[in-house]
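Colleague: Pasting a structure here, questions to come.
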Amino acid sequence: MAAAPDHAPKYAQLPLSDKIGRAMPLLLVPVLVLLGFLSIGSTSSWLTLTVSGLAMGMMIFIMASGLTLVFGLMDVINFGHGAFISVGAYVGISALLALEGWTGVPSLMLNVAAVLAAVIAAMCVTGALGWGFERVIVRPVYGAHLKQILVTVGGLIVIEQMIHVLWGPDEIYITRPEMLKGAVTFAGAAIEKYRLLAVVFGLALFIAMRLVLKRTKIGLIVRAGVQNGEMVQALGYRLRLVFIGVFVTGSALAGLGGVMWGLYQEVITAGMGEEMMILVFIVVIIGGLGSVEGAFIGALMVGLLQNYVAFLEPKLALISNIALMTAILMWRPQGMMPVVKAK
Amino acid sequence: MLTKLLSGDRPRSLILSFVLLAILAGLALAPFLFPGVRSLETAARICIFIVLVASYDLLLGYSGIVSFAHTMFFGLGAYGVALASTHMGRGYDALAVGTIAGAVAAAVLALLIGLFSLRVRAIFFAMITLAVASAVAVLVSQLSGLTGGEDGLNYSIPRELTPAFRLGTLFGVSITGKLLNYYLVFFASLMLFLLLLRVVNSPFGRVLQAIRENDFRAEAIGYRVVLYRTLATCLSAAVAAIAGSLFAIWLRYVGPDTTLSFEIMLDILLMVVIGGMGTMYGAVIGATIFVLAQNYLQNLMGVASGATEGLPLIPQLLDPDRWLLWLGVLFILSVYFFPTGIVGRLRSED
């Protein structure tokens, strides 16, 4: 009996132009930073603006990551995502206000413990809320985009109004914990401590998320599910369960983003989630729906651009994001890093 | 004749026919049946919202496109009239120029948004319109030199359309310019509504419905899906802008809260869903019920909130300011349980 012919699959090398094309989005952030440097001129203000832009971008990314994964995995677009941001902020800030004894003293340990407690409380509540939201609001309308949009908008309104009912209609002002107040001076530029912390924290979260997605089995299933959900299900994985997990995690991350954003602005309103939602959508669209890396780059670009433009030409800051989105969509209609669907 | 006027799209339900006739008669004779400033305000609001909601239904119900920028187009028309009246002085030419400019601007903007988003995925459209609409709303309230900012604009319209113009009395109701203004709004709304009815029952409207049901198949048969969707978007935007112009002519005031706010967008969504998506008559029923409820139900909530004082949480839940909460709940429930709305229900019973 003749042996089966040797099977030696070969991976063709991508041509150089394709490789450059893929890496292009990665270059955009440094290019933007460079452009900002050239047009601002002064190193110290540029440094301040860059750090605050990066901090803002990291926070937007934290809020956007869940949304983009949920869409990629199950084709569910959740317009109610913004509500989790608001709820997270309210729960977290309430926890911080309750822990005044820990935040008011200039002790790094106690301050960080208070912030951690607030973050954990916010993430638990928004995670649970996300689970409920998925069951009650999203589950009955799988596969119907139109209804999904309508129903999740309804959910957004209800949750936002419930915040009004529970916490009252007024905005809440807060001050950051003692050790996170103030700024450090570096190369003549005053950089707020909290912004540095936000950058470090966001970066750590992004790296952790990438590691989970690329190195663990659950990450493999999630990525495979994004590419071809039916095949993953055919192989015996219960994608629904994975999806619920991702939904809950995404909601918890939105809550985390809400706490961080609340501490950044030092004021929270029930409508903040709705406002952030606009930025989150822009980020998700320019990054490519379903792509975590795309959302990361998009978020950094939105944050940086907003800060640079607000410094150079305050009136234009409002439309700079729309302009960025338009430019990116003209270049790549599917977003910077579209998810390749094997369907 | 009548069938032709309705473009062959009859109500197809006895109860529905009666309700529609009642609404038509009520609106046509509103100044005589329900004298009083407040009821006339309500009637004019109903007329304008019927057109606005019908134009939105062209998108949502007939084409299956979700847009969150409909108030933006509405506002463009309103601000068109306001700006023209402010800068050109009072006069009919200012009203005409403002209306046309607003409608054209809305159509062009809709075309631009459509080109960017409808080309790729219909779902992009929802997100992009949300982003653009909020940017425009912020822009309008920031550019206070041009738009009056948060305060909005007050301007004067031709004297024949204001309460100061008197013609005498008829059936015990004094005929003033306000009444003429109302009939301008009423007949313009009626014509726009019949026009939209014509559009959705034309071959163009059928193609839109085919695309809504199965865009892939429509493309395969040979219809340019993107083209049709974009056209529907532009048309709907232009009609919404004209409705905005009527609103501006009626109110003699525009401001971000009355024309551009997200709340109005939610109102429109709710009216379409309650009335029934995918039928123009749904817009009539939805807008009428909703505007009436909005005007009179909030009082009721205030009473209920006062009556339950002392109980925990319930007074806050019934507070008139929490009106939106109940709208949201109603909205979710109606999308789940009455996806065809009131009109769909009535039609299925016969």
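Colleague: Across the stretch A:300-315, what is the total count of residues that are more than 10 Å from chain B (Cβ to nearest Cβ) and either assigned to a loop (DSSP other than H, G, I, E, B) or over 19 Å from the mean Cα position of the chain (by Cα) (or both)?
Modeller: Qualifying residue count for the region: 6.
Colleague: Any residue at all in the stretch B:248-268 that's charged (D, E, K, R) and crowded, with 20+ Cβ neighbours inside 10 Å?
Modeller: Within the stretch B:248-268, one or more residues are charged (D, E, K, R) and crowded, with 20+ Cβ neighbours inside 10 Å.
Colleague: Please enumerate the residues belonging to the stretch A:181-193 that are surrounded by fewer than 19 Cβ atoms within 10 Å (Cβ to Cβ) and not charged (D, E, K, R).
Modeller: A:GLY182, A:ALA183, A:VAL184, A:THR185, A:PHE186, A:ALA187, A:GLY188, A:ALA189, A:ALA190
Colleague: I'm told A:GLY288 meets every condition in (1) at pLDDT 80 or above; (2) facing chain B (nearest Cβ under 10 Å) except one. Can you identify the failing condition by its number?
Modeller: (2)
Colleague: Also, quick follow-up: Has the stretch A:316-335 got at least one residue that is over 22 Å from A:ILE149 (Cβ atoms), part of a loop (DSSP other than H, G, I, E, B) and not basic (Lys, Arg)?
Modeller: No, every residue in the stretch A:316-335 fails to be over 22 Å from A:ILE149 (Cβ atoms), part of a loop (DSSP other than H, G, I, E, B) and not basic (Lys, Arg).
Colleague: Of all the residues that make up the stretch A:152-167, how many are farther than 17 Å from A:SER94 by Cα, of a type in the set (A, V, I, L, M, F, W, C) and more than 22 Å from the chain's Cα centre (by Cα)?
Modeller: 1
Colleague: Follow-up. Provide a single number: the residues in the stretch A:121-167 that are surrounded by fewer than 17 Cβ atoms within 10 Å (Cβ to Cβ), over 13 Å from B:TYR336 (Cα atoms) and more than 9 Å from chain B (Cβ to nearest Cβ).
Modeller: Total satisfying the criteria: 6.
Colleague: Return the pairs, sorted by first residue and then second, in which the second residue is charged (D, E, K, R), the first residue lies in the stretch B:100-120 and is under 18 Å from B:ALA135 (Cα atoms), the beta carbons are less than 8 Å apart, and the residues are 6+ apart or on different chains.
Modeller: As it stands, the answer is B:GLY114/B:ARG229, since those pairs meet every condition given.
Colleague: On to the next question. Counting only residues that are more than 10 Å from chain A (Cβ to nearest Cβ) and not aliphatic (A, V, I, L, M), which one in the stretch B:95-124 is farthest from B:TYR62 (Cα to Cα)?
Modeller: Here the residue is B:GLY98.
Colleague: Here's another thing I want to ask about it. Could you check the stretch A:13-120 for helices (runs of 4 or more DSSP H) lying wholly inside it with 3 or more residues that are touching a residue at least 24 places away in the same chain (Cβ under 8 Å) and among the hydroxyl-bearing types (Ser, Thr, Tyr)?
Modeller: Per the criteria, A:43-74, A:81-98.
Colleague: Moving on. So, B:ILE211, is that one within 14 Å of chain A (Cβ to nearest Cβ) and either closer than 22 Å to B:VAL97 by Cα or buried (at least 22 other Cβ atoms within 10 Å of the Cβ) (or both) or not?
Modeller: Yes.
Colleague: Another one. Which of the helices (runs of 4 or more DSSP H) found entirely inside the stretch B:241-330 contain at least 3 residues meeting this: in contact with a His (Cβ under 9 Å, 6 or more places away or on another chain) and not basic (Lys, Arg)?
Modeller: B:262-275
Colleague: Mind listing just one residue for me: the one in the stretch B:239-256 that is more than 14 Å from chain A (Cβ to nearest Cβ) and more than 12 Å from the chain's Cα centre (by Cα) and, of those, nearest to B:GLU219 (Cα to Cα)?
Modeller: The extreme case among them is B:ALA248.
Colleague: For the list (1) surrounded by fewer than 19 Cβ atoms within 10 Å (Cβ to Cβ); (2) closer than 19 Å to A:PRO25 by Cα, I need the number of the one condition that A:GLY335 fails.
Modeller: So A:GLY335 meets the others, but not (1).
Colleague: Condition first: farther than 30 Å from A:VAL184 by Cβ and either buried (at least 24 other Cβ atoms within 10 Å of the Cβ) or more than 14 Å from every other protein chain (Cβ to nearest Cβ) (or both). Can you find one or more residues in the stretch A:48-65 that meet it?
Modeller: no
Colleague: If you check every pair at least six apart or on different chains, which have Cβ atoms under 6 Å apart with a residue in the stretch B:50-71 that is closer than 18 Å to A:VAL151 by Cβ and within 12 Å of chain A (Cβ to nearest Cβ) first and a residue that is in a helix (DSSP H, G or I) and among the charged types (D, E, K, R) second?
Modeller: Matching pairs, first to second residue: B:GLY64/B:ARG212.
Colleague: Next question, about the same structure. Please go through the stretch A:1-57 and pick out each residue that is among the acidic types (Asp, Glu) and closer than 27 Å to A:ALA295 by Cα.
Modeller: Result: A:ASP18, single match.
Colleague: A follow-up question, please. Looking for something on the phi < 0 side of the Ramachandran plot, of a type in the set (Val, Ile, Thr) and modelled with pLDDT of 85 or more - is there at least one such residue anywhere in the stretch A:329-339?
Modeller: Checking the stretch A:329-339: not a single residue is on the phi < 0 side of the Ramachandran plot, of a type in the set (Val, Ile, Thr) and modelled with pLDDT of 85 or more.
The values are calculated or read from the model by the stated rules, or taken from the named source; none is laboratory data. What you are looking at is a predicted structure, and each value in this text was computed from that prediction instead of being measured. When we count neighbours, we look across all protein chains shown, and the Cβ atoms used for this are built from the backbone with ideal geometry, even at glycine.
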